[in-house]
Amino acid sequence: MTRHFLSQLDLDRDTAATLLDRAIQMKREGFRSRQLEGRIFALIFEKASTRTRVSFETAIRHLGGDALFMTPRETQLGRNEPLKDTARVLSRYVDGLVVRTFGQEILEELAEWGDIPVVNALSDKLHPCQLMADLMTLKERFGDLNGLPVAWIGDGNNMANSWLESAALLPIELRLACPEGYEPDPLIVDAARDRGANFLLTRDPMKAVDGAKAVNTDVWVSMGQEDDAARIRSIFEPYQVDDALMAAADPDAIFLHCLPAHRGEEVTESVIESPASAVWDQAENRLHAQKALLEYIFS
């Protein structure tokens with residue numbers, strides 16, 4: 001059976017917990033293997049990235065495999081070839097696809113028509129690989145995720161959606177503070193509720209961070225929104241993570257950001273450079289979480 005990772009809900013609770021433990025072990029050991037020797041992965045990026053590309057290429061090589069990096073200029077994705085044709089052709093050449101794209105439906109179609117694993121390296125809807133690294137960071141810092149209060153502050157974007165899936169998968173306590181009109185995907189909210197996720201939606205950042213062990217945020221202005229930047233910044237200004245907001249969290253709380261950060265917008269310089277900031281461990285953990293994921297997919 002081909003194992004895809006398009007969403008965190010492609011895993012069950014036990015598998016997700018096992019992968020987090022495995023990622024921590026791999027990090028501790030400086031793990032290398034030859035499991036993927038002879039396997040080649042196509043990294044198809046319609047959106048530019050530093051951390052995603054480097055962490056995936058390094059993870060693949062740490063497991064003995066090799067990677068081809070492709071943008072729309074090097075593929076037919078940007079030239080109107082049907083996705084089902086691209087999926088079937090690439091399945092004859094490579095052993096897996098790591099795709100960073102816009103629509104979640106692109107990933108789903110590649111998975112449907114190909115017969116090799118497809119990994120969601122980011123879509124406009126979800127960012128599951130980042131969440132595996134974030135959950136790994138929480139587990140490293142706090143040990144037990146059961147009932148751990150986690151705050152999301154800002155845009156109800158792909159990261160917020162994936163945090164909701166995390167709450168549906170693992171027993172964290174999630175609080176999301178988002179401005180009106182910038183809430184997470186309502187279908188994902190409903191699905192998380194149906195799965196018994198423990199979460200709160202609020203407009204009040206202070207309510208979300210009260211006693212939280214982790215405070216998360218992301219950029220306010222995403223790629224493609226630059227023309228509307230001034231209006232968006234005015235809406236999100238009350239949602240900046242600053243020293244006062246962090247002071248309302250648990251004294252041992254950490255700050256998380258998937259990067260790149262716009263200092264002075266969604267987070268202040270004093271917070272991201274503070275002892276509470278775990279963003280560099282979080283960024284490093286992309287490598288280890290993805291190694292554990294690839295090991296699982298090809299086991």
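How many residues does region 58-73 hold that are among the charged types (D, E, K, R) and either within 17 Å of Tyr296 (Cα to Cα) or touching a helix residue (DSSP H, G or I) at 6+ places or on another chain (Cβ under 9 Å) (or both)?
So in region 58-73, the residues among the charged types (D, E, K, R) come out as 61, 66, 73.
Add one more test, that the residue is either within 17 Å of Tyr296 (Cα to Cα) or touching a helix residue (DSSP H, G or I) at 6+ places or on another chain (Cβ under 9 Å) (or both), and what stays is 61, 66.
Qualifying residue count for the region: 2.
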Original post:
Can you name the number of the only condition in (1) more than 30 Å from Lys47 (Cα to Cα); (2) within 20 Å of the chain's Cα centre (by Cα) that Ala249 fails?
Top reply: (2)
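Please verify whether Ser234 is more than 21 Å from Pro128 (Cα to Cα) and in the same structural domain as Asn161 (by TED's automatic domain parsing), treating the condition exactly as stated. Lay out the reasoning, then the answer.
On the way: more than 21 Å from Pro128 (Cα to Cα): yes; in the same structural domain as Asn161 (by TED's automatic domain parsing): yes.
Yes: the conditions hold for Ser234.
Which of the residues belonging to region 16-49 are among the small types (Gly, Ala, Ser) and in a helix (DSSP H, G or I)? Working first, answer last.
Residues of region 16-49 that are among the small types (Gly, Ala, Ser), as a first pass: 16-17, 23, 30, 33, 38, 42, 48-49.
Listed by number, the residues that qualify are Ala16, Ala17, Ala23.
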**OP:** Within region 254-290, work out how many residues are in contact with a Lys or Arg (Cβ under 7 Å, 6 or more places away or on another chain) and either surrounded by fewer than 23 Cβ atoms within 10 Å (Cβ to Cβ) or among the aromatic types (Phe, Trp, Tyr) (or both).
**Re:** 6
**OP:** Determine whether Asn158 is buried (at least 24 other Cβ atoms within 10 Å of the Cβ), assigned by TED's automatic domain parsing to the domain that holds Leu187 and modelled with pLDDT of 95 or more.
**Re:** yes
Subject >> Given (1) under 16 Å from the mean Cα position of the chain (by Cα); (2) farther than 21 Å from Leu259 by Cβ, index of the condition Gly38 fails >> reply: (1)
Subject >> Those strands (runs of 3 or more DSSP E) lying entirely in region 86-154 with at least 3 residues aliphatic (A, V, I, L, M) and closer than 24 Å to Gly38 by Cβ >> reply: 96-100, 118-122
Original post:
If we scan region 200-209, do we find a residue that is of a type outside the set (Lys, Arg) and within 17 Å of the chain's Cα centre (by Cα)?
Top reply: no
Original post:
Limited to region 75-104, what total is found for residues that are exposed (fewer than 13 other Cβ atoms within 10 Å of the Cβ) and of a type in the set (D, E, K, R)?
Top reply: 4
Original post:
Do we have Ile153 as in contact with a strand residue (DSSP E or B) (Cβ under 8 Å, 6 or more places away or on another chain) and either within 23 Å of Ala278 (Cα to Cα) or at pLDDT below 95 (or both) here?
Top reply: yes
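Using the structure shown, decide if Ser49 is at negative phi, among the small types (Gly, Ala, Ser), assigned by TED's automatic domain parsing to the domain that holds Pro117 and over 22 Å from the mean Cα position of the chain (by Cα). Reasoning before the result, please.
Numbers: at negative phi: yes; among the small types (Gly, Ala, Ser): yes; assigned by TED's automatic domain parsing to the domain that holds Pro117: yes; over 22 Å from the mean Cα position of the chain (by Cα): no.
Criteria not met by Ser49.
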**OP:** Say whether the condition of being part of a loop (DSSP other than H, G, I, E, B), at positive phi and surrounded by fewer than 15 Cβ atoms within 10 Å (Cβ to Cβ) is met by at least one residue in region 58-67.
**Re:** yes
**OP:** Would you mind telling me which numbered condition in (1) surrounded by fewer than 18 Cβ atoms within 10 Å (Cβ to Cβ); (2) modelled with pLDDT of 95 or more Phe41 fails?
**Re:** (1)
Original post:
So which residues in region 6-38 are crowded, with 16+ Cβ neighbours inside 10 Å, touching a Phe, Trp or Tyr at 6+ places or on another chain (Cβ under 8 Å) and under 16 Å from Asn285 (Cα atoms)?
Top reply: Leu19, Arg22
**OP:** Among the residues of region 161-177, count how many are free of Cβ contacts under 8 Å to residues at least 60 places away in the same chain and buried (at least 19 other Cβ atoms within 10 Å of the Cβ).
**Re:** 9
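The values are calculated or read from the model by the stated rules, or taken from the named source; none is laboratory data. Just so you know, these numbers come straight off a predicted model, no measurement behind them. Positions of Cβ are generated from backbone atoms using ideal geometry, with glycine treated the same way; all protein chains shown enter the neighbour counts.
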